[in-house]
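Participant: Right, I'll just put the structure down here and ask away after.
Computed from the coordinates by the stated procedures, all read-outs in this text should not be read as laboratory data. Every value quoted in this text rests on a predicted model; they were computed, and no experiment measured them. Positions of Cβ are backbone-derived with ideal geometry, glycine not excepted, and every protein chain shown enters the neighbour counts.
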Amino acid sequence: MTIKRPTWLENWLERHQHPVSFALHLVGIPLTIAAVVLAAYQLAVWRWDLWWRPAGLLVVGYLLQFIGHRLEGNDMGEIILFKRWFGRPYRAISPRYARPQGLTPTKAGEGTGDVET
């Protein structure tokens, strides 16, 4: 039995196919989330003298993701959002990983471009 992945996850995996980019995101995304959680906690206990901790986590987390997207050859999701707002061209999926037009794989192994006769 095959488990159907959510569409958002399929889209995310399609945009993060380079193994180093994927690994950088596995580290960078949790760091970014931890930065938000730590900032909220520090605000709640009024410890903004330690502002540099969530700021550092946020910078490092986003830097890792930025490096991953440079390796991948596509734009970060946030950059895509702004480019769309301003009507600028963007690259969601790197051309080297882009699926040929018209192919929408439904099962593992389908959509590879191979034609069986």
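Participant: On the first, second and third principal axes, largest extent first, how far apart are the outermost C-alpha atoms of the chain in Å?
Facilitator: 68, 40, 24
Participant: Taking a quarter of the surface of the Cα convex hull of segment 18-85, what do you get in nm²? Could you put the intermediate results ahead of the total?
Facilitator: Numbers: hull surface 20.3 nm².
Average projection, Cα convex hull of segment 18-85: 5.1 nm².
Participant: Could you give me the ³J(HN,Hα) list for segment 13-18, computed from phi with Karplus coefficients 6.51, -1.76, 1.60 and θ = phi - 60°, whole Hz, x at Gly and Pro?
Facilitator: Whole-Hz 3J(HN,Hα) from phi for segment 13-18: 5, 5, 7, 10, 9, 5.
Participant: Between the helical axis of 52-72 and the dominant principal axis of the chain, each derived from Cα atoms, what acute angle in degrees is found, rounded to the nearest 10?
Facilitator: 20
Participant: Longest segment of the chain with no GluC sites (Glu not before Pro) in a DSSP loop having at most 15 other Cβ atoms within 10 Å? Let's see the in-between values first.
Facilitator: Values: sites that count: 110, 116.
Excluding the exposed sites themselves, the longest stretch runs over 1-109.
Participant: If you don't mind, another one. Below 8 Å between Cα atoms, with a sequence gap of 6+, how large is the relative contact order for the chain in percent?
Facilitator: On the way: 98 pairs, mean separation 29.6, N = 117.
Once divided by the residue count of the chain, the mean separation gives 25 percent.
Participant: By the scheme Lys and Arg +1, Asp and Glu -1, what is the net charge of all other residues having a beta-carbon under 13 Å from that of residue 89?
Facilitator: On the way: positive: 83, 84, 88, 91; negative: 75.
Charge balance near residue 89 sits at +3.
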